[in-house]
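Below you'll find the structure, written out as structure tokens, and then a few comments.
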Amino acid sequence: MKHTTTILTLIFILYSCSDNFLNEKPSTNIIVPSSLEDFRNLLDYTGFQVLNKTCALGQLASDDYEYVDYDSYRSVPTLTERNSYIWAKDIFGGEIDRLDWNSPWGTIFYANNVLKGLKAVDREVNPTLFDDTQGWALFVRAYAMYDLARNFSPAYDSQTADTDLGIPLRLQPEIDILLPRATVEQTYNQIIGDAKYAAELLGSDYQPTYKNRPSKSACFAFLARVYLSMNNYEQAEAYADNALSLYDKLMDYNDISTTSSTPFSNTNDELIFASNQVNDYITTATTSSNSYVTVNRELLSLYHPSDLRLLLYFGTSNTGHIFVKRGYYGSGLYPFSGLATDELFLIKAECLARRNTPKDAIAVLNHLLAHRYESNAFNPLQAIDAEEALATILNERRKELVWRGIRWSDLKRLNKIGANIVLRRQLGGEEFVLSPNDPKYVFPIPDDEITRSGITQNQR
Amino acid sequence: MKRNLRLRTCYTQIIRIFRCPKPTYSSLLAVLTIMCLEARAQSPDISGAAMSGIVVDTADHPIAGVTIAIKGSTIKTLTDHNGQFSIRLHMPNAVLLVSHLGYQTVQERTSPNNRGPFRFVLIPDTNLLEEVTINTGYQILSREKSTGSTVQIDSALLNRRTGTSVLDRLDGVTNGLIFNQNNPVGVGVNNSDISIRGRSTIFGNPNPLIILDNFPYEGDPNNLNPNDIASITVLKDAAAAAIWGTRAGNGVIVITTKKGAYRQANKVSITANSTVREKPRIFTQPQLTSHQYIEVERQLFSAGKYNAAINNGYGYISPAVEIMLKNRNLEIDSSTMASMLDSLSQYDIRNQQLEYLYRNALGQQYQADISGGNEVQSHRLSIGYDSNIDNPAASSSNRLTLNANNSFKMAKDKLELHTGILFTQGSSHANRNTYSPKTPYEQIADIKGIPLPVSDGVLRLSYVDTAGAGNLLDWHYKPLSENHPNYTARSTDYRLNGRLTYQIMRPLTISFNYLYQKGVSDNDLLHTADSYYTRNRINTLTQVNATTGSVFRPIPLGGIREVSSRWYKNNNGRIQVNYDGDIATGHHINGIIGFELGELKSESMSNQFYGYNPETASHLNQTIDYTERYKNYHNNTTSTIPNGDSMSGSLDRNRSYYANVIYSAYQKYVLSISARKDESNIFGVKANQKGVPLWSAGASWQLSDEKFYKWAAVPYLRLRATYGYNGNVDKSTTAYLTALTGTGVNNWNNPYASITNPPNPSLEWEKVRNSNWGLDFATRGNRIAGSIEYYIKNGFNLIGNSPIAPQTGVSEFRGNSASLTTQGMDIMISANLISGAIRWKTSFLYNYAKDKITEFKVNPGSNFDIIGGNYNNPLVGYAYNSLFAFRWLGLDETGSPVSMINGAESTDYADIRNSTNREDMVYAGSGNPTHFGSLLNDLSWNGLSLSFNITYKYGYVFRRKSLDNVALYNGDFRMPDYDMRWQEPGDENRTDVPSLVYPANGNRTSIYTFSETLIENGAHVRLQDLRLSMELNRVSKSRLLRQAHLFIYARNLGILWRANKRNIDPDSQTMNMPRSVSFGFYIGL
């Protein structure tokens, strides 16, 4: 029996020498993110439906396009596409897991994880990279929150912003916390505050290669876009100026192949920050095989024959419908929705017109258009007054920023200040109308969010 | 004191010799040392009188190898070839026990007056059940001691079948085990080839655990040579499998290799067999005739379907469409076109496939082994070689296996050392660029057999004829010129194991087990410089400068070679204390307690070399810019050159503590209890959650041994019941935030990482609660014997996708959220129908297994999500693999399918597809057989035996293939029912096959292809195989040959009965399985 004792003792020795035995990680490609490099890798996760993605509902509901015919409409796979087109009261028809809602929240989740993780990193080891990472996370969080706000909340109105429902302001990564919706005022304060802080943290360089990563000029360009959507022209112009002072390059469309189906690369010269619309919907795809829809004929008629945008933005398929070519995102089928210098010039021009300096406004516009027309065919535009200048600029804005998911928030903000734009669609012998400031300008929140978190649904 | 000194000296010496820094090893060695000393201290004391005798059978033939033992001592001997023995007694009054497997044991009391020589006559033992032992991988138990549910497959049953795979041989003969031929396949499907007692997980690991000689086998089970296998034990319930803890949730298959035996003269055996399998039966797969397909193409041509491809100038169009285009371009007139199309329609590519691309497969298998042993040592050595040429003319494989094991007894049989080496080397060759015809009338060779070019399905033949104007490599694809192997896979596995067992004191032993296994596999795919693959890749990206005419090839000239390799290393150690003895008269304890450590480490990497030159083994990767986007030569899209370099590694570590105690009283009552705790390096889990304790308990009662039991017709009756838990580990889920490094780069060429798991602090391991009730019986003379078992398995805490509000950033996360219940029955009855000169033995298996999802928190989505893939979108209340279908209300007067939405007839196909009203679809049945089994018959007469196995499956449905509008119009011609389609009003009364519409409507098509009208009953009865063998030495009475027999074995002989009226084999729906026949011999010397 004494041997048994010895043996049992030895078993204990064996056992005790393996304390760290179970602490090795099971796979080389699994990490618990802890270093700056890990966090930056997380923020670089653009390939799937999380980062650098925006909601596509605004595109689906906008007047950029129309269905080829009723049969094409009927054959579209998702109810969301069909219901969005006719501004139905319930657009999801029970469809859940909509990336329109989920992808921005995914971005916010990633950003919050990074921001939380950074608290455990010593900034002093590499302050520049630390600040850049923190600024990056703050920017993408603000960008995603704004994308949610512009689609799922009413347009900013200083009169009602204190009571209008914004979005839940999730600033922590923990998934066991559910938040109610904040007000629109709180939401925009958070977005603007984050973007301004990110602008301080991010380096002043215009980011030349990695267009999925924000830069200081991206923060300014984003703030210009946000302020414009709030109809705050003073701030919008100031931030457009800030951004353009850092970087103002325009591509001359004469230098770009008009026959290519992918005329723009994802590192093109106008690109400041790249994002694209979620790829849930075949009808938003920028490819000739998107045969369901054709570009709005009325919109097409606005382009001058020597306007190169006609050839660079659109193509005609074998079956005769007009499709959209790949935009500034370069690769992938889903439309560009990011920030670029052309939008900044348009913001600048609009703000100049709105503060009654039509000449300056038109000059800015002409600078842009000179890069858009055939070299020898461009006659600079003119305007007799601020009102005409504004109308011209808004017209050019629509033509320039087509299929970029901007039209919807433009409709919201312009109708708010009395533009009185009525949308109409003919379908299967029926007419559908969307009046200005209709509650249907605010999309409903998908059912899975409502049932699982109990936040307040939008009334349409 | 003196011994202590010796011990220390010995210990330090060993430490010095091995220069072993780790206390682990030195402790082990110390234990060995102690045992050596112990062993030496007690040398045996053999003295006394010798007694001798002879042992014969009832026919007076001497029996060799009979054990003669002295009761109450360890002294024993064996009879020699002449049946004679001699043994020394240490006391005059002893009891001799004369025993031999298959015979009744004889006892003889010796006394000074009774000292032999003896003559013992052994009577064959037919009244007892065969001595079956159950190897759980931790201990070997007699069946009587096991309360759990197990199946034992001996080598005779394993060797009924031929072929290189071990596990295949379990098919149709293993109670409760099914090969899942009806499982869905494809991306995201989580399935196992084999299920034991149905399904017990949803998204966790579905595979049974495979144990080879006491340790989990981490290599490819196909590397094992079936001829080396002595037996396979399948552990099915908690009591049997709980000893394997968290890996036993799906059942355990314990494989035991053959070993040498002590006190046995050397035996040599040689086996050889060849198997011929016919060419794939491609003519049994329905397809449109060439004539019909040209008719379809003609309609699509008129409808403008091919215009896009025609207009872009390079896109693929078929030979028939080329002819139609010529006619449209007025190059040929209509009658020429008609005759050209007519001559095309005479061809059937399947004839050429059978002639040039397929051959009869031939498998050859050889094995030789030698085994034997004396009093203190036993050994077995085997060598096996398999060589297969496969049906595709470029495919072949071979395998070499070496297996050696030795056992030594030392120190008066108190110490036993066992060592084993298993070595496997295999390689296979294939052509990875397999050819698939684009049309039924395609031709890959002309009448003289000279290779003809065909389109690759991307580029038009007439385009590649002229493309490049001399700047490109030949762009023609000739499948017949490419029909040679370009892919080689090699694998080498070594497995070394050692076991040291020491008898501390009767009946207590301690054993140390150690296993080291290493495997390396290499895959090598070489697209030579002249292969179409390489020429196509180079041409596609070739950049020709329009002004200077200069040619730049981003992919350099030369071959393209892709190599990948993976190695794994498995280390396992185990210390176990065993107790096997009586604690009082009639009360027996059989117990083990042990501790185990294991580590499995693996690493894999792959590389791709462009511009590869096999002569110099050099490549030109350094000239490649992987980030640049190049324009494709034939169109305006751009692409980058993929970089095929990657690397990854994994590490599994396990630590377990276990105990199992079996108490039996008077051999009538048996109680068993087992407990096990497993810990593993699950990533990011808090230390106290790395382990899980699992336990089981069981009892059995041999009713027939009770005094009150009077049922003479059934002299053996035993009841069993067990209850307990098994587990299932899924290392992909973790409790902390974890991220996965991406395998490539993002759109801006930066590496990325994705969050794989949000924090989930409450994560637990999957558990399966298992209850089993069994009844074993045997009638008088063992004429009919069998068992009936009923079980319920409740899988709970199953890893499922759990929904949470999307505002958290994750709409679903994996957690313990699902439950699944499986219940069923396993019945086995074997009967000796005729015994005598002609013997007929039959065994009948019947299994019933039905699973049901009892909890699943995610809404499965639209009806189409469920119908199209219920296994990914399980519905509570139904089986994991259930078939659902759209309701079928026939065809309307335009030949369009009519289904239902919200209870009303509808042809709004998108709405039907997207409906979430479950009333709009029907539950068609289980996709896996719920009832299955076999009837194995063995007839023998005078050395000739005939064995055939009839298998059956029922209680399930399958979805038959039919005319698929979308697939047909996208160029797939392999489908039935084209003839049957609706063509004119009135046809709706005779057929359910919808009309073809252009453009094809995906929703309309799927409403039909997933409708209830295409659901077929899967029930069938199959003659699985047939084996005829002849024992030659019975005929020749040769003394040299111990055993010799010849056999013929035939497989896939056909279906005897099926429920479906369409002649579809439910196990092989696309085409019938090829028949095969084997012949071979076995010689034992």
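Every number here is computed from the coordinates shown, using simple stated rules; none is lab data. The model shown is predicted, which means the values in this text are computed figures rather than measured ones. A quick note on method: Cβ atoms are made from the backbone with ideal geometry, for glycine too, and the neighbour counts reach across all protein chains shown.
Tabulated values for the structure
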item: Counted charge near B:R328, where neighbours are those whose Cβ lies closer than 12 Å (Asp, Glu -1; Lys, Arg +1); result: -1
item: Chain A - convex hull of the alpha-carbon atoms, volume per residue in Å³; result: 189 Å³
item: Inter-centroid distance (Cα atoms) of the range B:431-469 relative to the range B:213-275, Å; result: 49 Å
item: DSSP-defined beta bridges in chain B - what % are antiparallel, rounded to 5; result: 95 percent
item: Fully extended contour minus Cα-Cα distance, from B:D625 to B:A303, at 0.36 nm per residue; result: 111.5 nm
item: Ellipticity estimate at 222 nm from DSSP helix runs (n ≥ 4, -39,500 (n - 2.57)) divided over chain A, nearest 500; result: -13500 deg cm²/dmol
item: Alpha-carbon centroids, the range A:45-100 and the range B:532-570: separation in whole Å; result: 40 Å
item: Surrounding net charge for A:E237, when Lys and Arg each add one and Asp and Glu each subtract one, Cβ distance under 9 Å; result: 0
item: Debye intensity ratio I(q)/I(0), log10, the range B:246-299, q values 0.17, 0.29, 0.32 Å⁻¹ (C-alpha model); result: -0.88, -1.18, -1.25
item: Within straight-line cross-link reach of B:K76, lysines at Cα separation under 17 Å, skipping those fewer than 8 residues along the same chain; result: B:K409, B:K412, B:K414
item: Shielding score for B:905-916, defined as the mean number of other chain Cβ atoms within 10 Å; result: 2
item: Reachable aspartates and glutamates, given that their alpha-carbon falls under 12 Å from the alpha-carbon of B:K601 and they are not under 8 places away in the same chain; result: A:E24, B:E218, B:D652
item: Stretchable slack from B:V458 to B:D193, in nm (0.36 nm times residue separation minus alpha-carbon distance); result: 91.9 nm
item: DSSP-defined antiparallel bridges as percent of all bridges, the protein assembly as shown, nearest 5; result: 95 percent
item: Calculated [θ] (222 nm, deg cm²/dmol) that DSSP helices of n ≥ 4 give over chain B, each run adding -39,500 (n - 2.57); result: -3500 deg cm²/dmol
item: Rounded to whole Hz, the Karplus (6.51, -1.76, 1.60) HN-Hα couplings of the range B:840-845, x for glycine and proline; result: 9, 10, 9, 10, 10, 10
item: Degrees between helix B:334-344 axis and first principal axis of chain B (Cα, 0 to 90, nearest 10); result: 10 degrees
item: Contour minus Cα-Cα distance for B:V876 and B:I838 (0.36 nm per residue); result: 8.3 nm
item: B:N374-B:E278 pseudo-label distance in nm [points 7 Å out on the Cα-to-Cβ vector]; result: 5.6 nm
item: Overall Cα dimensions of chain B - principal axes, largest extent first, Å; result: 118, 70, 69
item: Prolate/oblate/rounded call for the range B:584-659, Cα gyration tensor, a/c under 1.5 rounded; result: prolate
item: 31 Å Cα-Cα threshold exceeded, pairs from A:K119/B:K569; A:K53/A:K412; B:K668/B:K793; A:K116/A:K348; A:K359/A:K412; B:K850/B:K961; result: A:K119/B:K569; A:K116/A:K348
item: 0 to 90° range, to nearest 10: angle between helix A:341-354 axis and chain A longest Cα axis; result: 50 degrees
item: Relative packing of B:539-551, B:449-461, which averages over residues the other C-beta atoms within 10 Å, highest first; result: B:449-461, B:539-551
item: For the protein assembly as shown, alpha-carbon Rg and Dmax in angstrom; result: 38.7, 141
item: Theoretical FRET efficiency, 1/(1+(r/R0)^6), r = Cβ-Cβ of A:D385 and A:L333, R0 35 Å, to 0.05; result: 0.25
item: Nearest-0.05 FRET efficiency for A:T160 and A:A120, computed from C-beta distance (R0 45 Å); result: 0.65
item: For the range B:576-623 and the range B:913-931, distance of Cα centres in Å; result: 42 Å
item: In degrees, nearest ten, helix B:23-41 long axis to first principal axis of chain B (Cα); result: 30 degrees
item: Efficiency of FRET between A:F21 and B:Y494 - r from beta-carbon atoms, R0 35 angstrom, step 0.05; result: 0.90
item: Per-residue mean of C-beta atoms belonging to partner chains within 10 Å, peptide A:448-455; result: 4
item: Rounded if a/c under 1.5, otherwise prolate or oblate - the range A:303-439, Cα gyration tensor axes; result: oblate
item: Local electrostatic count at B:L775 - Lys and Arg +1, Asp and Glu -1, tallied over other residues with Cβ under 10 Å; result: 0
item: DSSP bridge pairs, chain A: antiparallel proportion in percent, nearest 5; result: 90 percent
